[in-house]
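Visitor: Have a look at this one.
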Amino acid sequence: MKNHQLAWRNLWRNKRRTLITAASVFFAVFFALVMRSFQLGTYEKMYRDVIESYSGYLQLQHTDYIDESNLDNGFVLEHSLSDIIGADPNVTGVIPKLESFALAAAGSRTQGVMVIGMDPDNEQKTLNIKNRLIKYRLTPEATEALIEENLPARTAKLVDVFSGEAWTDEKSLISDLGISDEDSAAVMPLFRKHASLDNRYINSADSGRAIIGYGLSRYLSADVGDTLVIMGQGYHGVSAAGLFVIKGIVSMPNPDIDNAFVYITLDDARWLYAAPGMVTSAIISISDTDDKELLQTQQRLNELCNNGLVIRNWKEMNALLLNQMEADNKSGAIMIGILYLVIAFGVFGTVLMMMAERRREFGMLVSIGMQKRKLAGIVGMEMLFIGLLGVLAGVAASLPIVFYGYARPLRFTGELARMYEEYGFEPVMPMLLPDTYYLWQAVIVLLILLIAITFSVRRIFKLNIINALRA
Amino acid sequence: MKVVEINDVFKTYHDTAVEVKAVNGVTLSFDKGDFAVIVGPSGSGKTTLLNLIGGLDQPTAGEIIVAGHRLSELKPSELIDFRMEHVGFVFQSYNLIPVLTASENVGFIMSLQKWPKEKRMARTGELLEAVGLSERHNSRPSQLSGGQQQRVAVARALAPRPQFILADEPTANLDTKSAETLLDIMEKLNREEEMTFIFSTHDVRVMKRARRVITLEDGKVVSDERTNHNS
């Protein structure tokens with residue numbers, strides 16, 4: 001009989017205990033994976049949102065701009081520098097940007113906003129604002145009109161739940177509102193009638209036109225075609241004022257940005273802020289965004305910069321967000337640590353009981369000629385089998401949830417959603433697909449098992465046969 | 001031919017500042033084919049002497065030579081191999097491996113010794129037949145009676161053809177019929193395989209069958225008698 005066969009049979013001599021121990025490992029692994037997937041998925045989404053809706057992966061800035069982000073720390077972007085940076089193998093575009101704060105007013109409401117001036121034709125390489133134009137939105141009027149229509153009960157309920165939300169594509173609207181394939185032919189015309197928005201993008205020749213965030217449009221009660229008054233301070237303290245007609249409304253994933261987003265052409269921004277030829281930064285779009293490649297690209301580009309200019313990566317530009325996420329990550333790790341500590345005691349309890357119950361048997365096995373190292377190997381295998389059962393079951397059970405949570409992120413509504421938005425987060429919790437964090441859970445469980453195995457092996461090697469046979 | 005030689009052996013335990021001489025200067029030897037019992041009151045040192053002969057314990061003084069091996073010269077791991085090769089153990093409470101069937105239990109030591117499968121199977125079948133359990137070869141210990149379990153334990157001890165069998169109170173947990181059956185089998189194996197059996201016992205049924213009775217008192221041999229019992 002092979003060692004592993006004996007170990008496997010031993011495992012089932014006390015089925016209940018084996019199952020309880022394996023179940024404790026299973027629950028720890030399952031909850032740790034699901035929790036971690038939510039946590040890491042949320043972080044990744046936040047990072048992606050900030051990168052894609054605002055900072056980009058790399059920016060060319062004045063050295064002082066990171067500490068004092070104002071027009072006075074702007075610069076003139078020379079074509080020669082832009083061309084040299086653009087020639088880097090990982091760089092796909094250099095997009096100049098002029099941004100500053102201002103007050104925006106429409107009707108009787110005013111809001112502090114972030115005015116971003118960029119070239120609309122090149123912008124798509126970074127922030128991709130064109131694809132964020134809203135196609136459907138559930139205004140109070142649209143919600144009321146749709147509920148009065150003959151919608152399927154589930155869709156009607158969800159229309160009420162999602163009132164106030166906006167969608168940039170039909171697919172996510174259908175998914176969120178639970179519209180089935182059979183119903184879509186009848187239901188979608190109703191949405192097109194009541195909830196669609198005639199939304200247009202600007203081009204570089206669109207002087208005096210603006211795109212604004214959906215959050216800002218709701219606050220100002222400003223719609224497409226309305227005029228936005230922008231007032232602020234321009235370059236070197238001159239006053240900045242202008243009128244812009246809203247041409248489109250976009251949904252930016254980060255609520256802080258969505259609530260204050262005004263996008264105009266670069267030429268309009270230079271005119272508004274009286275900063276001809278200037279930029280506050282240039283977003284550098286790259287093809288390989290992997291951390292290592294990103295840093296290497298940054299290093300290469302920094303060697304090309306002079307005159308007080310520097311290349312900053314998204315982590316440097318969003319240090320506050322990263323610190324917040326790191327603190328949250330630590331608290332999550334502590335929670336998981338406590339979870340595993342409880343499990344470790346459970347596993348250790350099983351080992352103690354098993355060692356005590358089988359002491360005489362161990363004594364008999366050694367007395368009839370089984371070497372202690374062989375016995376220790378069999379007992380170690382038993383522990384390993386229990387751990388593997390728990391880990392494999394935990395991983396298997398978590399996978400469908402993780403894949404589902406990735407495909408259909410958890411979306412909060414009502415008070416919880418508002419709370420999230422107040423903290424500057426989109427009320428969505430996506431999950432992260434299996435990655436190295438899956439491997440880490442297995443490593444942690446194996447470490448716990450290793451401690452338990454070490455303990456049992458030590459006890460076996462210290463076994464006194466005479467005392468064990470009397471047990 | 002001498003299988004076991006015990007020369008002036010002492011075993012002293014120190015329990016809570018009291019010195020207990022469990023074996024106190026024993027000199028004995030056992031020949032091949034002996035069917036010997038060690039008797040004596042509780043605490044006389046029977047089990048301790050058996051443990052010393054089996055290499056489960058080391059004497060405080062004196063020398064034990066088994067099949068040419070001086071046990072005191074063997075390292076712990078060598079002692080384990082020595083037991084596997086030369087000693088068969090039969091315990092009072094059977095001590096079978098609960099997750100193995102009767103035939104797997106019998107073949108267990110042979111598998112530790114890496115016997116070829118065919119040879120192992122043949123020997124297992126032969127021994128199960130000898131102990132009258134051929135039909136229960138696939139039963140787990142929990143499915144066997146006490147007497148049947150002890151017969152499997154005897155078959156296991158005999159399987160690798162050791163130099164001798166040490167049996168510590170083998171009939172203590174058995175009813176009369178089971179004990180008689182077991183002793184019949186042991187006598188038969190002793191006769192047919194010329195296997196040496198050394199028992200420690202209180203059981204009169206065992207003493208009646210023995211051809212040599214060694215009496216211990218306070219760790220000393222007080223008598224060593226050959227009897228006329230013919231097997």
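Visitor: Taking the condition of being away from every other protein chain (no Cβ under 11 Å) and buried (at least 17 other Cβ atoms within 10 Å of the Cβ), how many residues in segment A:348-361 meet it?
Guide: Within segment A:348-361, residues that are away from every other protein chain (no Cβ under 11 Å) and buried (at least 17 other Cβ atoms within 10 Å of the Cβ) number 4.
Visitor: Then there's this: Select from segment A:40-82 the residues that are in a loop (DSSP other than H, G, I, E, B) and farther than 15 Å from A:ARG312 by Cα and write down the one among them that is farthest from the chain's Cα centre (by Cα). Can you show your working first?
Guide: Our first condition is that a residue be in a loop (DSSP other than H, G, I, E, B); within segment A:40-82, this holds for A:56-57, A:63-70, A:74, A:77-78.
After this cut, where a residue has to be farther than 15 Å from A:ARG312 by Cα as well, the list is A:70, A:77-78.
Details: A:ASN70: 29, A:LEU77: 33, A:GLU78: 36 Å.
Among them, the one singled out is A:GLU78.
Visitor: Filter segment B:54-84 for residues that are small (Gly, Ala, Ser), more than 10 Å from chain A (Cβ to nearest Cβ) and more than 20 Å from B:ARG161 (Cα to Cα); which is surrounded by the fewest Cβ atoms within 10 Å (Cβ to Cβ)?
Guide: Step one: list which residues in segment B:54-84 are small (Gly, Ala, Ser), which gives B:54-55, B:61-62, B:67-68, B:72, B:77.
Still in the running and more than 10 Å from chain A (Cβ to nearest Cβ): B:61-62, B:67-68, B:72.
Remaining after also requiring more than 20 Å from B:ARG161 (Cα to Cα): B:61-62, B:72.
On the way: B:ALA61: 12, B:GLY62: 17, B:SER72: 14.
Here the answer is B:ALA61.
Visitor: Also, quick follow-up: State all residues of segment B:160-182 that are at pLDDT 90 or above and among the aliphatic types (A, V, I, L, M); if no residue qualifies, say none.
Guide: B:ILE165, B:LEU166, B:ALA167
Visitor: To continue, here is another question. Here is a list of conditions, (1) surrounded by 20 or more Cβ atoms within 10 Å (Cβ to Cβ); (2) of a type outside the set (Gly, Ala, Ser); (3) under 25 Å from the mean Cα position of the chain (by Cα), and A:GLN296 meets all of them except one; can you say which number that is?
Guide: For A:GLN296, the failing item is (1).
Visitor: I've got another one for you. If we scan segment B:85-94, do we find a residue that is in contact (Cβ under 8 Å) with a residue 40 or more places away in the chain, of a type in the set (Asp, Glu), within 11 Å of chain A (Cβ to nearest Cβ) and closer than 30 Å to B:GLU135 by Cα?
Guide: The initial filter retains those residues of segment B:85-94 that are in contact (Cβ under 8 Å) with a residue 40 or more places away in the chain, namely B:85-94.
Okay, now just the ones that are also of a type in the set (Asp, Glu), so B:85.
When the remaining residues are screened for being within 11 Å of chain A (Cβ to nearest Cβ), the result is B:85.
Then keep just the ones that are closer than 30 Å to B:GLU135 by Cα; that gives B:85.
Checked segment B:85-94: at least one residue is in contact (Cβ under 8 Å) with a residue 40 or more places away in the chain, of a type in the set (Asp, Glu), within 11 Å of chain A (Cβ to nearest Cβ) and closer than 30 Å to B:GLU135 by Cα.
Visitor: Can I ask one more? Considering only segment B:95-133, how many residues are in contact with a Gly (Cβ under 6 Å, 6 or more places away or on another chain) and more than 8 Å from chain A (Cβ to nearest Cβ)?
Guide: The number of residues fulfilling the criteria is 2.
Visitor: OK, next. Taking segment A:179-218 on its own, how many of its residues are buried (at least 18 other Cβ atoms within 10 Å of the Cβ) and over 18 Å from A:TYR136 (Cα atoms)?
Guide: Result for segment A:179-218: 4.
Visitor: Another question, then. Inside segment A:110-212, counting only helices (runs of 4 or more DSSP H) that do not spill past its ends, which hold 3 or more residues that are modelled with pLDDT under 85? Don't jump to the end; show me each part of the working.
Guide: On the way: elements: A:120-123, A:140-148, A:153-161, A:170-176, A:181-194.
Passing ranges, in order: A:120-123, A:170-176.
Visitor: Of all residues being within 13 Å of chain A (Cβ to nearest Cβ) and out of contact with any Pro (no Cβ under 7 Å at 6 or more places or on another chain) in segment B:40-53, which is nearest to B:GLU85 (Cα to Cα)? Just the residue, please. Talk me through it step by step, then tell me what you get.
Guide: Just the residues of segment B:40-53 that are within 13 Å of chain A (Cβ to nearest Cβ), to begin with: B:47-53.
Subsequent filtering for residues that are out of contact with any Pro (no Cβ under 7 Å at 6 or more places or on another chain) retains B:47-51, B:53.
Numbers: B:THR47: 21, B:THR48: 21, B:LEU49: 20, B:LEU50: 17, B:ASN51: 16, B:ILE53: 14 Å.
Per the stated criteria, the residue is B:ILE53.
Visitor: Let me ask another. Under 8 Å by Cβ, and 6 or more places apart or on different chains, what pairs join a residue from segment B:130-141 that is over 9 Å from B:LEU100 (Cα atoms) with one that is loosely packed, with under 14 Cβ neighbours inside 10 Å and among the polar types (S, T, N, Q)?
Guide: Every condition considered, the pairs that remain are B:ARG136/B:GLN143.
Visitor: So which of A:VAL443, A:VAL457, A:VAL428 ends up being under 30 Å from A:ILE378 (Cβ atoms), surrounded by 15 or more Cβ atoms within 10 Å (Cβ to Cβ) and either out of contact with any His (no Cβ under 7 Å at 6 or more places or on another chain) or among the acidic types (Asp, Glu) (or both)? Outline the logic, then answer.
Guide: Numbers: A:VAL443 fails: surrounded by 15 or more Cβ atoms within 10 Å (Cβ to Cβ); A:VAL428 fails: under 30 Å from A:ILE378 (Cβ atoms).
On inspection, the qualifying residue turns out to be A:VAL457.
Visitor: Considering only segment B:1-53, state which residues are buried (at least 21 other Cβ atoms within 10 Å of the Cβ) and among the polar types (S, T, N, Q).
Guide: Answer for segment B:1-53, where residues must be buried (at least 21 other Cβ atoms within 10 Å of the Cβ) and among the polar types (S, T, N, Q): B:SER44, B:THR47, B:THR48, B:ASN51.
Visitor: Restricting attention to segment A:419-462, which residues are touching a residue at least 60 places away in the same chain (Cβ under 8 Å) and within 20 Å of A:LYS374 (Cα to Cα)?
Guide: A:LEU449, A:ILE451, A:ALA452, A:ILE453, A:PHE455, A:SER456, A:VAL457, A:ARG459, A:ILE460, A:PHE461, listed by residue number.
Visitor: If a residue must be assigned to a helix (DSSP H, G or I), within 10 Å of chain A (Cβ to nearest Cβ) and within 13 Å of B:GLU126 (Cα to Cα), how many such residues does segment B:144-163 contain?
Guide: Within segment B:144-163, residues that are assigned to a helix (DSSP H, G or I), within 10 Å of chain A (Cβ to nearest Cβ) and within 13 Å of B:GLU126 (Cα to Cα) number 1.
Visitor: What number of residues within segment A:1-11 satisfy the criterion of being exposed (fewer than 14 other Cβ atoms within 10 Å of the Cβ) and either facing chain B (nearest Cβ under 8 Å) or among the hydroxyl-bearing types (Ser, Thr, Tyr) (or both)?
Guide: 0
Visitor: Let me ask something additional. Is it true that A:MET364 is under 26 Å from B:GLY107 (Cα atoms), out of contact with any strand residue (DSSP E or B) (no Cβ under 9 Å at 6 or more places or on another chain) and either within 14 Å of chain B (Cβ to nearest Cβ) or buried (at least 22 other Cβ atoms within 10 Å of the Cβ) (or both)? Lay out the reasoning, then the answer.
Guide: Values: under 26 Å from B:GLY107 (Cα atoms): yes; out of contact with any strand residue (DSSP E or B) (no Cβ under 9 Å at 6 or more places or on another chain): no; either within 14 Å of chain B (Cβ to nearest Cβ) or buried (at least 22 other Cβ atoms within 10 Å of the Cβ) (or both): yes.
Taking the combined requirement at face value, the residue does not satisfy it.
Visitor: Filter segment A:12-39 down to the residues that are part of a helix (DSSP H, G or I), within 14 Å of chain B (Cβ to nearest Cβ) and either touching a strand residue (DSSP E or B) at 6+ places or on another chain (Cβ under 8 Å) or of a type in the set (S, T, N, Q) (or both) and list them by number.
Guide: Listed by number, the list holds a single entry, A:THR18.
Visitor: Considering segment A:258-293 alone, what residues qualify as being touching a Phe, Trp or Tyr at 6+ places or on another chain (Cβ under 6 Å) and surrounded by fewer than 21 Cβ atoms within 10 Å (Cβ to Cβ)?
Guide: A:ALA274, A:THR289
Visitor: Of all residues in segment B:190-230 being surrounded by 14 or more Cβ atoms within 10 Å (Cβ to Cβ) and among the polar types (S, T, N, Q), which is farthest from B:PHE30 (Cα to Cα)?
Guide: By that ranking, first place goes to B:THR201.
Visitor: In addition: Here's a check for you: in segment A:323-341, which residue that is among the hydrophobic types (A, V, I, L, M, F, W, C) and either closer than 30 Å to B:ARG156 by Cβ or touching a residue at least 12 places away in the same chain (Cβ under 8 Å) (or both) is nearest to the other protein chains (Cβ to nearest Cβ)?
Guide: Initially, segment A:323-341 is screened for residues among the hydrophobic types (A, V, I, L, M, F, W, C), giving A:325, A:327, A:333-336, A:338-339, A:341.
The next check asks that each one be either closer than 30 Å to B:ARG156 by Cβ or touching a residue at least 12 places away in the same chain (Cβ under 8 Å) (or both); those that pass are A:325, A:335-336, A:339.
On the way: A:MET325: 51, A:MET335: 39, A:ILE336: 36, A:LEU339: 32 Å.
Result: A:LEU339.
Visitor: In the set A:ALA344, A:ALA376, which member is away from every other protein chain (no Cβ under 14 Å) and in a helix (DSSP H, G or I)?
Guide: On the way: A:ALA376 fails: away from every other protein chain (no Cβ under 14 Å).
That would be A:ALA344, the only listed residue that is away from every other protein chain (no Cβ under 14 Å) and in a helix (DSSP H, G or I).
Visitor: Is it the case that A:GLU99 is in a strand (DSSP E or B), in contact (Cβ under 8 Å) with a residue 12 or more places away in the chain and charged (D, E, K, R)?
Guide: yes
Visitor: Okay, moving on. Which condition number does A:MET381 fail, the rest of (1) within 19 Å of A:LEU11 (Cα to Cα); (2) within 14 Å of chain B (Cβ to nearest Cβ); (3) in contact with a Leu (Cβ under 8 Å, 6 or more places away or on another chain) being met?
Guide: Unmet condition: (3).
Visitor: Scan segment A:388-408 and report the pairs whose first residue is assigned to a helix (DSSP H, G or I) and whose second residue is acidic (Asp, Glu) and buried (at least 18 other Cβ atoms within 10 Å of the Cβ), with Cβ atoms within less than 6 Å and a gap of 6+ or a chain change.
Guide: From segment A:388-408, no pairs qualify.
Visitor: Condition check: small (Gly, Ala, Ser) and either in a helix (DSSP H, G or I) or free of Cβ contacts under 8 Å to residues at least 12 places away in the same chain (or both). Does B:SER223 satisfy that?
Guide: Working: small (Gly, Ala, Ser): yes; either in a helix (DSSP H, G or I) or free of Cβ contacts under 8 Å to residues at least 12 places away in the same chain (or both): yes.
For B:SER223, the condition - small (Gly, Ala, Ser) and either in a helix (DSSP H, G or I) or free of Cβ contacts under 8 Å to residues at least 12 places away in the same chain (or both) - is met.
The values are calculated or read from the model by the stated rules, or taken from the named source; none is laboratory data. Since this is a predicted model, take the numbers as computed values, not measurements. Cβ: placed from backbone, ideal geometry, glycine included. Neighbour counts: every protein chain shown.
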